[in-house]
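Rule-based calculations on the coordinates, nothing more; no lab input. Every value quoted in this text rests on a predicted model; they were computed, and no experiment measured them. Ideal geometry is used to build each Cβ from the backbone, glycine not excepted, and the neighbour counts take in all protein chains shown.
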Amino acid sequence: MCATALMELEDRRSKPALGRRCGAEVLLQALVAEGVEVIFGLPGGANLPIYQHLASSSIRHILVRHEQGAAHMADGYARASGRVGVCLATSGPGALNLVTGLATAHFDSVPVVAITGQVATATIGTDAFQESDVIGATMSVTKHSYQVHDARDLDAVVREAFQVASTGRPGAVLIDVPKDVQQQMVDSDPAEITRLRPHREPPPPCPQLLDRAAEWLAGARRPVILAGRGVAISRAEAALLKFAEQIDAPVGTTLLGTGVFPANHPLALGLVGFMGTGYCNLAVSNCDCLLMVGMRADDRVTCRLDEFAPHARHIVHVNIDPAELGKTVSADCQIAADADWTIRALAQRTQPRRHPRWRDQVRAWRERHPLRYPRNGQLQPQEVMAAFYALRQPSDIVVADVGLNQIWAATGWTGDQAGTFLNSGGAGTMGFALPAAIGAQAADPKRRVWAVCGEGGFVMTLQELATAVEAGLPVKVVILNNGHLGMVRQFQDDFYGGVRSAITHTVIPDFQLLGSAFGCFSAKVTSRAELAGALRSALEHPGPALVECRIDPEAGVYPIVPFGKGLADFVECPAR
Amino acid sequence: MTSSPLNRHLPASLASESSRPARLVLVQAEDRSGVLQRVTNCLARRGFRLLSCTICQGPTSGLLSIWLRVGTGPQPYDQVTKQLAKLIDVVSVEDLTEQDPLQWVTALVEIRKVGDARDLELALDRPGVQVVRRLESSVLAAVSGPPEEVGESMRRLRQLPLVDWVVGRPLALAQHKTVPATANSKQTMSGS
């Protein structure tokens with residue numbers, strides 16, 4: 001946060017409130033003091049006192065159609081803006097509907113604060129109407145959670161919740177507020193905050209550790225850098241680019257790291273892992289020194305763990321969360337620190353290097369293993385993505401859903417700005433893209449925001465089209481309709497004996513009619529010739545728009561690493 | 001393993017685990033609603049079995065010491081201590097497997113900040129005393145060591161304005177079999 005914003009924040013906090021206030025007012029004023037401008041929510045019996053006062057608050061409320069949408073919108077808002085996203089739900093089913101969205105945000109280290117109404121304190125534990133143990137239900141998908149039993153604590157709880165959500169490794173935080181606490185009258189002056197727990201920075205890495213990592217990287221003949229979302233969170237893109245050029249190391253990215261390194265840079269390797277590019281996976285499999293920065297190294301990145309980077313004499317792992325170090329890959333040098341700080345520290349310790357033979361080798365792999373797809377006359381998803389990215393402006397945000405569409409969107413990515421490609425990487429939540437795009441659009445109405453979905457994921461949260469239209473948020477949705485749960489179909493074809501089971505959508509709505517029913521511009525594309533025109537029309541429409549592309553139903557993602565195999569054992573596109 | 005009359009009705013995973021050695025972990029925490037649930041959930045979610053647990057509460061219910069005897073799990077053991085250390089209410093995590101529970105005492109002390117901060121820092125600069133959390137108006141310090149050493153530290157610390165303290169040792173867990181600690185087994189967080 002910049003100095004001016006900090007001063008504004010302090011100024012807001014220092015203004016005394018007048019008269020006695022109820023808990024709901026304390027809560028809302030605390031949110032305003034934290035700089036909250038938008039809340040995504042849905043009212044219900046147990047949060048009505050909050051809604052009573054929200055109407056007169058400076059906070060914009062965006063009424064969602066399902067609480068899962070609210071959590072994803074808060075998530076998209078946070079990813080796009082770098083600020084904390086806030087969602088609001090009632091007790092019981094309302095609160096429980098947030099769980100998937102909170103998990104999605106939490107697993108991807110996105111700062112989201114969820115506020116839930118709860119039944120009155122005296123009835124908690126009596127299985128009252130719309131009572132649920134939301135604290136218990138969300139314990140594994142939040143960084144922390146609070147149930148407030150006294151309105152005098154609300155101000156401090158909100159302050160701490162925002163601090164917890166946004167510092168260190170960001171994540172989701174939940175505040176559960178019983179209805180009687182929302183209505184409890186308290187003195188105007190908030191209680192003196194004495195128990196605000198400060199963020200615990202890991203101690204700075206010892207210089208010897210950095211020296212050793214720098215020495216290994218400088219001494220490498222075949223270095224590779226892998227970068228994840230931690231680079232975007234710490235705004236280390238510039239430092240990463242400079243350092244990669246300095247040591248002449250090719251850079252691959254995780255799904256969540258897509259965009260942290262310019263896609264068209266000569267050192268760019270694209271996506272690593274299970275559905276990563278062949279040349280990136282080969283580079284990782286043959287490097288002699290690997291730097292992993294701002295990433296977790298989960299199973300989708302490593303594939304078979306004992307074959308991950310088998311020729312790397314040294315692996316350096318940088319992550320701000322100490323618990324991620326040594327969790328899967330046992331790196332020789334584990335640095336628990338901020339990505340930007342560490343990259344700069346390594347750069348200071350390293351002289352420029354050149355690796356022409358290694359670069360030639362990587363180039364040869366790139367030529368030998370390009371991203372291939374069949375040319376069978378049908379509209380291919382890669383063609384849709386190429387046409388779409390050709391129209392995209394650098395600042396446009398693209399939110400990918402989950403499934404084949406996500407990988408097509410990531411592997412075809414051409415952008416060079418971090419934070420412009422958003423997706424659910426950790427939880428892999430289908431239905432994420434539309435509501436997250438709405439949240440991203442709410443964060444900055446002037447930017448163009450796109451959602452790329454398959455038809456399977458889109459129908460999981462499509463009701464939020466109404467939210468987009470109602471709130472005047474002109475998101476553009478591209479549906480890659482292959483009539484199947486495509487990724488499952490590909491897994492069944494490739495890894496489960498070719499037995500196709502429960503993957504075909506025999507009933508698919510007419511998306512053009514559906515979009516019109518919600519008040520959106522909508523178009524259907526069945527051929528290459530229609531593609532650019534439909535996308536342009538969607539862009540020119542001032543409101544939400546939906547473009548359905550009927551793609552090759554058999555289109556898959558290649559290369560792919562078969563289950564149980566190492567990164568180098570990827571399978572390329574079969575001839576069809 | 002061979003089934004004994006005692007474990008023959010256990011699921012296979014638990015029956016084989018019951019013969020494995022356990023580790024002793026001390027979790028010191030602020031006594032907030034749900035802290036025990038968070039700690040035990042952290043173990044259960046990662047497939048570690050909680051074999052026994054002793055809890056000691058400070059006189060004003062502000063601090064907790066929780067001794068856990070933890071069975072082996074599918075993940076490396078240090079994952080548990082790392083994940084426990086991430087919990088917001090937890091102020092320190094220490095592996096006491098190698099310590100004799102009868103000869104090792106631990107304490108968590110909250111001291112109100114008054115006067116010159118340097119005096120407080122000086123008072124806390126003792127062997128076995130580590131500041132684990134700095135709050136706006138107080139400091140939390142963990143004390144760990146042989147009984148005489150901890151006793152002497154506590155005598156000195158009691159001269160300071162204490163908000164709360166909890167002192168104890170896991171006597172109830174003393175008879176159980178343990179395994180040697182790894183290099184990473186002791187992990188205490190620093191306050192910022």
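Okay, here's what the table says:
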{"item": "Estimated dipole of region A:498-554 in Debye, rounded to 20 [Cβ of Lys and Arg +1, of Asp and Glu -1, Cα centre]", "result": "40 debye"}
{"item": "Theoretical FRET efficiency, 1/(1+(r/R0)^6), r = Cβ-Cβ of B:T72 and A:E201, R0 25 Å, to 0.05", "result": "0.20"}
{"item": "Cα-based helix-to-principal-axis angle, A:486-495 vs chain A, degrees rounded to 10", "result": "40 degrees"}
{"item": "Helical mean residue ellipticity (222 nm; -39500 (n - 2.57) per DSSP H run of 4+; nearest 500) of chain A", "result": "-11000 deg cm²/dmol"}
{"item": "Phi-based couplings in Hz for region A:403-413 (Karplus 6.51, -1.76, 1.60; Gly and Pro marked x)", "result": "x, 4, 4, 5, 6, 4, 5, 6, 6, x, 4"}
{"item": "Count of Lys pairs (Cα-Cα under 22 Å; at least 8 positions apart or interchain) in the protein assembly as shown", "result": "12"}
{"item": "Relative contact order of region A:294-343, defined on C-alpha pairs under 8 angstrom at six or more residues apart (%)", "result": "37 percent"}
{"item": "Cα long-axis angle, helix A:528-540 against chain A (0 to 90 degrees, to the nearest 10)", "result": "30 degrees"}
{"item": "Pairwise label distance in nanometres, B:R126 with A:T126, each label 7 Å out on the Cα-Cβ vector", "result": "5.0 nm"}
{"item": "Residue order, fewest to most beta carbons within 10 Å, for A:Y496, A:Y146, A:Y558, A:Y51", "result": "A:Y496, A:Y51, A:Y558, A:Y146"}
{"item": "Region A:463-555, relative contact order in percent, only Cα pairs under 8 angstrom and at least six apart counted", "result": "42 percent"}
{"item": "3J(HN,Hα) from dihedral phi, region A:545-550, Karplus parametrisation 6.51/-1.76/1.60, rounded to Hz, x for glycine, proline", "result": "9, 9, 10, 8, 10, 7"}
{"item": "Amide H within-cut-off set for A:V525, under 5 Å, with H built and near neighbours excluded", "result": "A:E548, A:C549, A:R550"}
{"item": "FRET efficiency, 1/(1 + (r/R0)^6) with R0 41 Å, evaluated for B:R46 and A:H265 via beta carbons", "result": "0.60"}
{"item": "Cut-off under 5 Å, modelled amide H: who pairs with A:R313 long-range", "result": "A:C289"}
{"item": "Inter-part distance where region B:111-159 and region A:313-331 are each reduced to a Cα centre, Å", "result": "33 Å"}
{"item": "Nearest-ten-degree value, helix A:433-443 long axis tilted from longest Cα axis of chain A", "result": "60 degrees"}
{"item": "Under the Karplus curve 6.51 cos²θ - 1.76 cosθ + 1.60, θ = phi - 60°, whole-Hz ³J(HN,Hα) for region A:249-257, x wherever Gly or Pro sits", "result": "10, x, 10, x, 10, 7, 4, 6, x"}
{"item": "15 Å cut-off, amide nitrogen to a point 7 angstrom out along A:S140 Cα→Cβ, residues in region B:44-58", "result": "B:44-50"}
{"item": "Centre separation in Å (Cα based) which lies between region A:404-439 and region A:224-282", "result": "16 Å"}
{"item": "Value of relative contact order over chain A, rounded to a whole percent, pairs C-alpha under 8 Å and six or more apart", "result": "14 percent"}
